[in-house]
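Colleague: The following block contains the structure, expressed as structure tokens.
The values are calculated or read from the model by the stated rules, or taken from the named source; none is laboratory data. Quick caveat, the model's predicted, so the values are computed rather than measured. FYI the Cβ positions are ideal-geometry reconstructions off the backbone, even for glycines, and counts take in every protein chain you see. Surface areas here come from the heavy atoms of the whole protein model, side chains and all, with no ligands, DNA or RNA. Shrake-Rupley method; radii C 1.70, N 1.55, O 1.52, S 1.80 Å.
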Protein chains: 4
Amino acid sequence: MHTSLQGIIAYPITPFDEKKTVDIPLYQHLLERLITTGAHAVAPLGSTGVLPYLNDAEKEAITEATVQQVAGRVPILVGVSNLTTERTIQHAQFAERAGADAVMIIPMSYWKLTDDEIFHHYDAVASKLNIPIMAYNNPATGGVDMSPQLLKKLLEIPNVTMVKESTGDIQRMHYLRRELGEDVSFYNGSNPLALAAFAAGARGWCTAAHNLIPDLNLALYSAVCKRDYTLAERYFLAQFDLLKFIVAYGLPRTVKAGLEILGEQAGELRAPLRKLSTAETATLKKILLQTIDSAT
Amino acid sequence: MHTSLQGIIAYPITPFDEKKTVDIPLYQHLLERLITTGAHAVAPLGSTGVLPYLNDAEKEAITEATVQQVAGRVPILVGVSNLTTERTIQHAQFAERAGADAVMIIPMSYWKLTDDEIFHHYDAVASKLNIPIMAYNNPATGGVDMSPQLLKKLLEIPNVTMVKESTGDIQRMHYLRRELGEDVSFYNGSNPLALAAFAAGARGWCTAAHNLIPDLNLALYSAVCKRDYTLAERYFLAQFDLLKFIVAYGLPRTVKAGLEILGEQAGELRAPLRKLSTAETATLKKILLQTIDSAT
Amino acid sequence: MHTSLQGIIAYPITPFDEKKTVDIPLYQHLLERLITTGAHAVAPLGSTGVLPYLNDAEKEAITEATVQQVAGRVPILVGVSNLTTERTIQHAQFAERAGADAVMIIPMSYWKLTDDEIFHHYDAVASKLNIPIMAYNNPATGGVDMSPQLLKKLLEIPNVTMVKESTGDIQRMHYLRRELGEDVSFYNGSNPLALAAFAAGARGWCTAAHNLIPDLNLALYSAVCKRDYTLAERYFLAQFDLLKFIVAYGLPRTVKAGLEILGEQAGELRAPLRKLSTAETATLKKILLQTIDSAT
Amino acid sequence: MHTSLQGIIAYPITPFDEKKTVDIPLYQHLLERLITTGAHAVAPLGSTGVLPYLNDAEKEAITEATVQQVAGRVPILVGVSNLTTERTIQHAQFAERAGADAVMIIPMSYWKLTDDEIFHHYDAVASKLNIPIMAYNNPATGGVDMSPQLLKKLLEIPNVTMVKESTGDIQRMHYLRRELGEDVSFYNGSNPLALAAFAAGARGWCTAAHNLIPDLNLALYSAVCKRDYTLAERYFLAQFDLLKFIVAYGLPRTVKAGLEILGEQAGELRAPLRKLSTAETATLKKILLQTIDSAT
């Protein structure tokens, strides 16, 4: 099942309307763009989709709207992370019932969790679920850093079949590949590491960049599939500045600004998140247009 | 108003019963212990009280139970932090209506917030509130580090009258003292820094240690008030090992274990948090009993 | 013996003439200033004295010039650190023969040394020496961080009787005090930590600031000796900005610039070190003059 | 000229005899092994060759012995780093006169150098030299971290034509490639990054591993030259554990131990460096033999 997830896994933003409620029709429009521009899978309720800023009803509405809109065209990976184990189970079960193909879970921490606590957290969720789980490591947002050794151990839990690594440390990917063989499904979540991760054997690239530069994302992946690393490097360097910018300034804020630069509506952000400043938007515009030009 | 907060500000844990729901009677019993053992103020729904793991109804129940139990004997500082600005306002307003003396807010991050986003977050909450706000900096739990310069700026917001610093960097306290004068109310939240923070002018010590060693906490504060640093150092060093242990292994887990070592009921933890291991509990027991012995 | 080292231990710079050779007469003049302005001890060939940038002949000339100039008025602590054990022994033996009261050794690293390698390094030097050794921990310059546990172990070597801590982590000082009792001689080498370190029991303050603001340094120490921490804090905050500036911009460069602001000659720096920029010098001048004003 | 440096640039150790002096005949024997096993270039007096632990006469003897032994068969890159600018110039000029093809310079720091100081350091050396300079960035040993922006600026100095990056941050290599085009000569000095660095366009791999596993190093490079990344990954993963071990336990110590496991003499280390422990040696033996087996 999980092998269906590969290539460019695109992360939609969650747009809000002027009353500060989730704008489902606009969300579906932006999601449709991801599919029609060639994403191999979509991943709602990720960091880009500001999962932690949504209440339960909003998360469920996004999940259902995604399943309805995708209509089986590509796999759906739903973010269901929560601070407590009990509510993570509830969200995961909702996603499964709604029709998700897999769920993604980052061990959101407040108190730094021990390896033992993290293992039991995943194990408890997995035991209540029939679809695959992607264990997601991103200390920069989640606040806890899972070692490659812990990730390997999590993969012993039956449903935990995929790992997403966002630390930007290529050695961790080599470790996973070495320990787990070519069949392991690990994914890269660090945009500026996209080329190195594919060279290290990553099966897919989890990215919000597909909202802005789908052609370059796909061209990089296509070159990798052909093992043409000369071409892959060229496509990668062409998008490198944009990838660094969106990571440095935050995905929800930069994707919203980038969509507007491209003439799309992107709704409002939810406070405390705020729009990019005028100067930041100008910088993004320059980088984005140069990036798109370079690809043509 | 805010000057009423000083000395030992004690943080209760939030106990759960076997059905995994908040055990309000046990909470009130543990809160009463804090007051009768001499705490100068109490702070429900802090990190120790696992605020981020509670739902809205649970937070409100804790708030009301606190006001009822304290019955005006000591000031109450309620934690109302939330990832979104809107819900932080809701929690803060509830606390004010319920009878809290002040609220404590940490800018919980998922996406790293900019200084501008943090300022607007506090400003938006403050504009809806009539009681003082303590701005709380603790990158180890909240994930965002507010610079001393930003904290100084937050203090320009009318209701933001107090700062709690938990980075363990004494230079930041010197900076606040130097910039803001003797009238500034800053509090120390880093247990192993208690002596140095008082020497640097901290008005109070926000601590969960009062659940376990109230006499030593008070003795240290009393020596500081008399400016007897020889005595203060003796009391501090007597509790230093315990303070380091509870920080290293997490306040909710170690306070629960410590209470049980002292013969108190402390309820269950909420997953993913798990009990200390047997070996860790044995170490804590040894340190705790030695600490108490040394004080007598 | 070693207990004679206490209070303000002043670090002279090493001035160079226009031919880029060490200017011994100017060095002796600047050293004399430290003594006549009340330093309780002097420490040539420290980081401030650019020890690692000097050749053997220069180090020996500085050592001899110091002993001659001091003429028994205050204790002399000579820096003798070297990357290899053999040359550290040679420098230490030279210092002993020349008349130094004690030597200071930081384990300069290129390859990160193991605890075992560091212990044997100190042990080998100590076995060849009859004067006390101060073990100096400063990862920011030396590149290796000795844990408090390792420092405690080093103090088991007969001649190693003193520790200088420059990490700025007050908890390490509490640990040393707690483990080693009131008789342990530990010294603070982190300028912005001066007040907290004294409150934690430091016997002395190793500082280059005495070149610029001797009265304030001494006033702080005097208040500490009287256990008057209200006064100590006032004196400390008066010099806090200057202490932070000289640490941030490098002691040799800022002390040279500061001496010139005060009308003293200070010679040249040795490349690659370069003078402060004009703007940095202006900032230093403003801070230095304000600091001196505030003290009068 | 500098383009002659590519492929596997092998770093010899500097062996000492029982009197603790450099063993030149043994050095030449070990150097000869590097050449006969296929190294594309050799780099004496690197970190592996414990440059900072040698005196001037020893450095000069190693340099001359290298030129004599190599006899024009492969390019020679000599490490000439020193804390002061003046002595760096002296060492670089000696290397040029002796017949080195290029020199490698890391800005060894004691005081953290500013970008301006570093630029002037390289510029001063370059102005006195007629052979190319490789600017070497390795904060883990040298103590100063040169940003990619600074490295780019250094490449504007006429003689500075090569960069060696050892931070292990693949993004920095992408940056250099993007900014400087395909003609830039950058080299990888982080062993566990070997595959990713070649995929990012590195012209060569500076490694001590060639002392132990030359066939695997060369097989990886050969696969990269053919752009066969499937094969390259296989060869890389086969040596990954060894590369991680020698970095984690220090190159001079592990290469010496590894040579002895392979039946070679490797001389003594210079204190404070000490031999691997018996347990560490056993671990290395197991990894080394497995690595060699896997390659056959």
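Colleague: Just give the residues from the range A:68-85 buried by at least 10 square angstrom of accessible area in the all-chains context relative to the isolated chain, probe 1.4 Å, and say none if nothing qualifies.
Modeller: A:LEU83, A:THR84, A:THR85
Colleague: Charges at C-beta only: +1 for Lys and Arg, -1 for Asp and Glu. How large is the resulting dipole of the range C:224-263 about its Cα centre, in Debye rounded to 20?
Modeller: Working: 6 positive and 4 negative charges, 20 e Å.
Dipole of the range C:224-263, to the nearest 20 debye: 100 debye.
Colleague: Enter the accessible area per residue of the protein assembly as shown (Å², integer; probe 1.4 Å; all protein chains in place).
Modeller: Accessible area per residue: 35 Å².
Colleague: Can you list, shortest first in nanometers, how far A:ASP17 lies from the same residue in the other copies, with each label 7 Å from Cα toward Cβ?
Modeller: Label-point distances to the other copies, shortest first: 4.2, 8.4, 8.9 nm.
Colleague: Over 20 Å between Cα atoms: which of C:LYS164/D:LYS20; A:LYS153/B:LYS256; B:LYS153/D:LYS112; A:LYS20/A:LYS275; C:LYS112/C:LYS244 fall into that group?
Modeller: Exceeds cut-off: C:LYS164/D:LYS20; A:LYS153/B:LYS256; B:LYS153/D:LYS112; C:LYS112/C:LYS244.
Colleague: Then there's this: Give me the tail of P(r) for the range D:106-155 as a percent: Cα-Cα pairs with distance above 18 Å.
Modeller: Value for the range D:106-155: 24 percent of Cα pairs lie more than 18 Å apart.
Colleague: Ratio to report: Rg/Rh of the protein assembly as shown, with Cα atoms as the point set and Rh obtained by the Kirkwood method; give two decimals. Write out the running numbers ahead of the final one.
Modeller: Numbers: Rg = 31.4 Å, Rh = 32.5 Å.
With Rg and the Kirkwood Rh in hand, the quotient comes to 0.97.
Colleague: Along Cα-to-Cβ, 7 Å out, sits the label point; list in nm, shortest first, how far the one on C:ALA61 is from those in the other copies.
Modeller: Ordered by distance, the counterparts are at 2.8, 8.0, 8.0 nm.
Colleague: Using +1 on the beta carbon of Lys and Arg, -1 on that of Asp and Glu, and nothing else charged, what's the dipole of the range A:111-164 about the Cα centre, debye to 20?
Modeller: 160 debye
Colleague: Rounded to the nearest 100 Å², what is the sum over both chains of accessible area buried where B meets A, with a probe of 1.4 Å?
Modeller: Interface area, both chains combined: 3100 Å², rounded to the nearest 100.
Colleague: A further question follows. Can you find, among A:PRO44, A:VAL22, A:LEU5, the residue farthest towards the positive end of the dipole of the range A:1-61? Put +1 on the C-beta of Lys and Arg, -1 on that of Asp and Glu.
Modeller: Of the listed residues, the answer is A:LEU5.
Colleague: Still on this structure, I have one more. Hey, got the dipole for the protein assembly as shown? About the Cα centre, +1 on K and R Cβ, -1 on D and E Cβ, debye to the nearest 20? Please report the intermediate quantities before stating the final value.
Modeller: On the way: 108 positive and 124 negative charges, 0 e Å.
About 0 debye.
Colleague: On to the next question. Which shape class, rounded, prolate or oblate, goes with the range A:94-245 when its Cα gyration tensor gives a ≥ b ≥ c as root eigenvalues, a/c under 1.5 marks rounded, and past that a/b bigger than b/c marks prolate? Don't skip to the end; give the middle numbers.
Modeller: Values: a/c = 1.79, a/b = 1.71, b/c = 1.04.
Note, shape of the range A:94-245 comes out prolate.
Colleague: Using alpha carbons only, how many angstrom separate the centre of the range D:11-68 from the centre of the range C:61-139?
Modeller: For the range D:11-68 versus the range C:61-139, the Cα centre distance is 29 Å.
Colleague: Once neighbouring chains are kept in place and the probe is 1.4 Å, which whole percent of the accessible area of the protein assembly as shown is contributed by carbon and sulfur? Display every interim value, and only then the final one.
Modeller: Working: 20260 of 41420 Å².
On the protein assembly as shown, the fraction of accessible area on carbon and sulfur atoms equals 49 percent.
Colleague: Still on this structure: Share of antiparallel DSSP beta bridges in the range C:2-294, in percent to the nearest 5?
Modeller: Percentage antiparallel, nearest 5: 10.
Colleague: Could you sort the residues of the range A:256-283 by number and keep only those whose accessible area is reduced by 50 Å² or more in the all-protein-chain setting relative to the chain alone, 1.4 Å probe?
Modeller: For the range A:256-283, once contacts with the other chains are taken into account, A:PRO272, A:ARG274 lose 50 Å² or more.
Colleague: Just grab the label-to-label distance for B:ARG73 and D:CYS225, each label 7 Å out from Cα along the Cβ direction, in nm (one decimal).
Modeller: Each label point lies 7 Å from its Cα, and together they span 8.3 nm.
Colleague: Mind checking which aspartates and glutamates have their Cα closer than 20 Å to the Cα of C:LYS226? Skip sequence neighbours fewer than 8 apart in that chain.
Modeller: Filter leaves B:ASP228, B:GLU233, C:GLU182, C:ASP183, C:ASP215.
Colleague: Which residues of the range A:110-126 end up with at least 50 Å² less accessible area in the presence of all protein chains than when their chain stands alone, using a 1.4 Å probe?
Modeller: Residues shielded by partner chains are A:TYR110, A:TRP111, A:GLU117.
Colleague: For the range D:177-260, state the average projected area of the convex hull of the C-alpha atoms over all orientations, rounded to one decimal in nm².
Modeller: Taking a quarter of the hull surface, the average projection is 5.5 nm².
Colleague: Right, another one. Taking the rotation that carries A onto C, look along its axis and tell me which residue of A has the beta carbon nearest to it, distance in whole angstrom.
Modeller: Its Cβ sits closest to the axis: A:ASP145, 10.
Colleague: Related question: Which value at 222 nm does chain D reach when only helices count, each DSSP H run of 4 or more adding -39,500 (n - 2.57), with the total divided by all residues and rounded to the nearest 500 deg cm²/dmol?
Modeller: Calculated from helices alone, the mean residue ellipticity at 222 nm is -15000 deg cm²/dmol.
Colleague: For chain D, what log10 I(q)/I(0) values come out of the Debye formula at q = 0.08, 0.10 1/Å, with one point per alpha carbon and no solvent?
Modeller: Here the Debye-derived log intensity ratios amount to -0.31, -0.49.
Colleague: Right, here's the next one. Shortest first, in nm, what separates the label point of A:LYS275 from those of the same position in the other copies (7 Å along Cα→Cβ)?
Modeller: Listed shortest first, these distances are 4.9, 5.5, 7.0 nm.
Colleague: Shielding of C:188-198 by partners, i.e. mean partner chain Cβ atoms within 10 Å per residue?
Modeller: Other-chain Cβ atoms within 10 Å of each residue's Cβ, averaged: 3.
Colleague: Highest GNM mean-square fluctuation, chain B, Cα pairs closer than 10 Å: which of B:GLY189, B:GLY142, B:GLY72?
Modeller: Looking only at B:GLY189, B:GLY142, B:GLY72, the biggest GNM fluctuation is shown by B:GLY72.
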